[in-house]
1. Within region 79-92, identify whether any single residue is among the hydroxyl-bearing types (Ser, Thr, Tyr) and under 16 Å from the mean Cα position of the chain (by Cα), and answer yes or no.
2. Filter region 69-84 down to the residues that are under 13 Å from Val32 (Cα atoms) and either touching a residue at least 12 places away in the same chain (Cβ under 8 Å) or surrounded by 11 or more Cβ atoms within 10 Å (Cβ to Cβ) (or both), then identify the one that is farthest from the ligand (Cβ to nearest atom).
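Here, each number is a calculation from the coordinates, and none is a lab measurement. Treat the numbers as computed from the prediction; the structure is a model and nothing was measured. Cβ: placed from backbone, ideal geometry, glycine included. Neighbour counts: every protein chain shown.
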Amino acid sequence: MTPKDNNKNNALMLLRECPSCRSRYTHASVQVLSANEKGSLVSFTCGECRLDVLVAVSPMPFGLVGTGMPTDCATDEVMRFMDSNEITEDDVIEVHQLLANTAQ
Ligand SMILES: [Zn+2]
């Protein structure tokens, strides 16, 4: 089994069915977007209602923990946001100044 298959199995243990229509996920519903020692990011796509759910799987001392959220981002969009830079304080100040200037 490859590490990605392993991640798929772990993800399927955390989330078994679609939160919207309750249909069971299969291996084909699951896509591992990224995986490293800190955890993995897994995308579930429901075969029935097409709902996409993103799940961040993190290893904890007591086992795996999954945090899921439904998304309307396509998988390639998710990958694009993951690659983008984090928002820094400077970015926030810059936007704040832009807004302040427009208000005048
Ligand atoms: Zn569904």
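1. yes
2. In the first step, residues of region 69-84 are kept if they are under 13 Å from Val32 (Cα atoms); the result is 75-76, 78-79.
From what's left, either touching a residue at least 12 places away in the same chain (Cβ under 8 Å) or surrounded by 11 or more Cβ atoms within 10 Å (Cβ to Cβ) (or both): 75, 78-79.
Details: Thr75: 16, Val78: 18, Met79: 22 Å.
Restricting to residues being under 13 Å from Val32 (Cα atoms) and either touching a residue at least 12 places away in the same chain (Cβ under 8 Å) or surrounded by 11 or more Cβ atoms within 10 Å (Cβ to Cβ) (or both), the top hit is Met79.
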